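Colleague: Can you read through this structure? Questions will come right after.
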Amino acid sequence: EGVPAWCMPMMEVAAGSECSLLALGGEQPMGAAPVYRLQVKDGVVRAHLLYPNRERAVSWAFTPAGEPLATLRWDAKGGKHVDSWLGGRGPHPVFSAAASERLQLLGMADEKHVYVIHDRGLEGAGLGRLHLETGELTTIASADRADIVHFLLAPHGELLGYSARWGTDEYTAVKACPAWDAMCREVAAEAAVTPLAVSSCGRRLLFLMQEGGAPASYALWEQGKGIRILVAPQNLPPVRKTHFAEYQAADGTSVPVYYTLPEGEGPFPTVVFVHGGPRMRTDANYDWRVQYLVSQGFAVVQPQFRGSRGWGKSFMHAGNRQWGTGVMQTDVNDCIPWLLEQGIAEPGRIAIFGGSYGGYAATAALCFYPGTYACGISLFGPQDLLLHLQKMNAEESPYAGEDNLVIGDRDDPAERARLRAVSPALHAHQFQDPLLLYYGEKDTLIPPVHSKMLAKNLRAAGKQVKVLSLPDEAHGFLNPEHEPWLYAEHIVPFLRQHLNFRPLRQNEK
């Protein structure tokens, strides 16, 4: 009773009883969440406020005793700042990065250093040690153009290894651990292995096992006792393997892509599934949405267009201000010749689908490249880019500086004209293909006005649009029942209707 809407574990604290530090948030945005000590004793849970977080830190690093060592915050222009808590002075800035740079605070390295992920002077991600008195940043590992997604620390803070992600995850040992290495080789014959944590005694290793498209399993290796599975997916339907490839965009740029195929021989009715962000990425790990669509007979293709994170800094920044008719969109469209050449898809049976930025990409495709796709599905996407930049509320203000870089400058007259030119809501007369449009009435990041405006203008122009909304949903899906309902009752029937769906005959299944 009285527990806030969400909590984020931050660290465990050895204090004689079961205690943890958590960020707890109710109505406040996640970036401004206060920090509590959660104490569990005799079946009773008590939350004690430790830090109200007036500095609006988005992440924290603590000492083993639970004292703040450093925090990371964003400013109103998208700049990122690491604040040191050394010396009892309270938080004071020691290192800053621009909106165009990457900076993540990972945790304590020793009493005067923290680990960070950054890209300063690098094309891909780097793992660095940041001195909390001098602000000196030392890169101790880097991953070429790839992203760093996991790291493994010894109990005293020494870096043992890290996992980088290109098409799949690959672990690199920084310090040799013969017993662990042998265990990894043993398990790697059946699945990709990612070490996650080592016990304080150094004799037990927690690791993650993944295989393209399948749900992840967690296991514990203990010296002298072998391997014990801790969490294994139960009673799940069969999954199809998610594959990785690269295709050529029209200008010759290599574009990474993930694809998952149903049973049988192609070509298949195909869904081009565009990720959100746009500075996000897809991976080969389990995604129930992909697996559900594939189980219904659709091929699912996930292009990693320019502007996506995790494929090199130059690749990501090549997507800046390229919404609508630039390479962010044409990279997605350029997967179609590759799909046809591979025998995955066939003309007239390809849909485009996405949420948030992916929802914008779906409507932009139908608006600015009509006839390219048989239909489109847009979930809670921005449909008027200038309106989106103007209505950024206080909770999202740290992203405003990045949006200025990625989307456009709302204060520049030429940019304002360009933003209007690539806003689908303002060009409804150009649509030719049917659209399914969904939004949540409580969405504050992309308010309902975007979808409502587009729907109104499409109907006025006599275009095909089906509109769905839920009164108690925000950006994404807070209620776990709503997203499966949307897929089963609306998305799949819509795709079957417009992709000339032909079910497999019984002897083909």
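The values are calculated or read from the model by the stated rules, or taken from the named source; none is laboratory data. Keep in mind that this is a model prediction, so the values were computed, not measured. Cβ placement follows ideal geometry from the backbone for every residue including glycine, while neighbour counts extend to all protein chains displayed. Note: areas computed on protein heavy atoms with side chains; ligands, DNA, RNA excluded. Shrake-Rupley method; radii C 1.70, N 1.55, O 1.52, S 1.80 Å.
Colleague: Identify, please: which residue in the stretch 293-311 is in contact (Cβ under 8 Å) with a residue 60 or more places away in the chain and under 19 Å from the mean Cα position of the chain (by Cα) and is, among those, nearest to GLY359 (Cα to Cα)?
Modeller: Filtering the stretch 293-311 for residues that are in contact (Cβ under 8 Å) with a residue 60 or more places away in the chain and under 19 Å from the mean Cα position of the chain (by Cα), the one nearest to GLY359 (Cα to Cα) comes out as GLY307.
Colleague: OK, next. Going by the structure shown, is ALA176 without any contact (Cβ under 8 Å) to a residue 12 or more places away in the chain, farther than 28 Å from VAL255 by Cβ and among the aliphatic types (A, V, I, L, M)?
Modeller: It is true that ALA176 is without any contact (Cβ under 8 Å) to a residue 12 or more places away in the chain, farther than 28 Å from VAL255 by Cβ and among the aliphatic types (A, V, I, L, M).
Colleague: Let me ask you something else. Out of the residues in the stretch 255-279 meeting the condition of being of a type in the set (Phe, Trp, Tyr) and open to solvent by 10 Å² or more (accessible area, probe 1.4 Å), tell me which one is nearest to the chain's Cα centre (by Cα).
Modeller: PHE273
Colleague: Which of the helices (runs of 4 or more DSSP H) contained wholly in the stretch 440-500 include at least 2 residues that are within 16 Å of ASP384 (Cβ to Cβ)?
Modeller: Output list reads 449-460.
Okay, residues lined up against (1) touching a Ser or Thr at 6+ places or on another chain (Cβ under 8 Å); (2) more than 23 Å from ALA216 (Cα to Cα):
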| position | (1), (2) |
| --- | --- |
| GLU263 | no, no |
| PRO267 | no, yes |
| GLY277 | yes, yes |
| VAL294 | yes, no |
| GLN302 | yes, no |
| GLY310 | no, no |
| LYS313 | no, yes |
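Colleague: Exactly one condition in (1) at pLDDT 95 or above; (2) in contact with a His (Cβ under 7 Å, 6 or more places away or on another chain) is false for TYR487; which is it?
Modeller: Status for TYR487: all satisfied but (2).
Colleague: If ALA125 passes every condition in (1) crowded, with 18+ Cβ neighbours inside 10 Å; (2) under 18 Å from VAL35 (Cα atoms); (3) not β-branched (Val, Ile, Thr) but one, which one does it miss?
Modeller: Of the numbered conditions (1) crowded, with 18+ Cβ neighbours inside 10 Å; (2) under 18 Å from VAL35 (Cα atoms); (3) not β-branched (Val, Ile, Thr), the odd one out for ALA125 is (2).
Colleague: Quick one: in the stretch 128-158, which of the residues that are over 18 Å from THR194 (Cα atoms) and of a type in the set (A, V, I, L, M, F, W, C) is most open to solvent (accessible area, probe 1.4 Å)?
Modeller: ILE140
Colleague: I'd like to check which helices (runs of 4 or more DSSP H) are fully inside the stretch 302-396 and have at least 2 residues that are of a type in the set (Phe, Trp, Tyr).
Modeller: 357-368
Colleague: List every residue pair whose Cβ atoms sit under 9 Å apart, with the two residues 6 or more apart in sequence or on different chains, where the first one lies in the stretch 144-163 and is closer than 18 Å to ARG102 by Cα and the second, anywhere, is among the acidic types (Asp, Glu) and assigned to a strand (DSSP E or B).
Modeller: ALA146/GLU170; VAL149/ASP169; HIS150/ASP169; SER163/ASP169; SER163/GLU170
Colleague: What's the number of the condition PRO267 fails, among (1) assigned to a loop (DSSP other than H, G, I, E, B); (2) in contact with a strand residue (DSSP E or B) (Cβ under 7 Å, 6 or more places away or on another chain)?
Modeller: Of everything listed in (1) assigned to a loop (DSSP other than H, G, I, E, B); (2) in contact with a strand residue (DSSP E or B) (Cβ under 7 Å, 6 or more places away or on another chain), PRO267 misses just condition (2).
Colleague: Output yes when any residue across the stretch 183-200 is without any contact (Cβ under 8 Å) to a residue 24 or more places away in the chain and open to solvent by less than 50 Å² (accessible area, probe 1.4 Å), and no when none is.
Modeller: Yes, the conditions are met somewhere in the stretch 183-200.
Colleague: Further question: Can you tell me how many residues within the stretch 440-491 are open to solvent by less than 70 Å² (accessible area, probe 1.4 Å), among the basic types (Lys, Arg) and touching a Leu at 6+ places or on another chain (Cβ under 6 Å)?
Modeller: Within the stretch 440-491, residues that are open to solvent by less than 70 Å² (accessible area, probe 1.4 Å), among the basic types (Lys, Arg) and touching a Leu at 6+ places or on another chain (Cβ under 6 Å) number 0.
Colleague: Regarding TYR162, is this residue in a strand (DSSP E or B), under 25 Å from SER200 (Cα atoms), of a type in the set (Ser, Thr, Tyr) and open to solvent by 50 Å² or more (accessible area, probe 1.4 Å)?
Modeller: no
Colleague: Do we find a residue being of a type in the set (S, T, N, Q) and within 21 Å of TYR162 (Cβ to Cβ) anywhere in the stretch 102-111?
Modeller: yes
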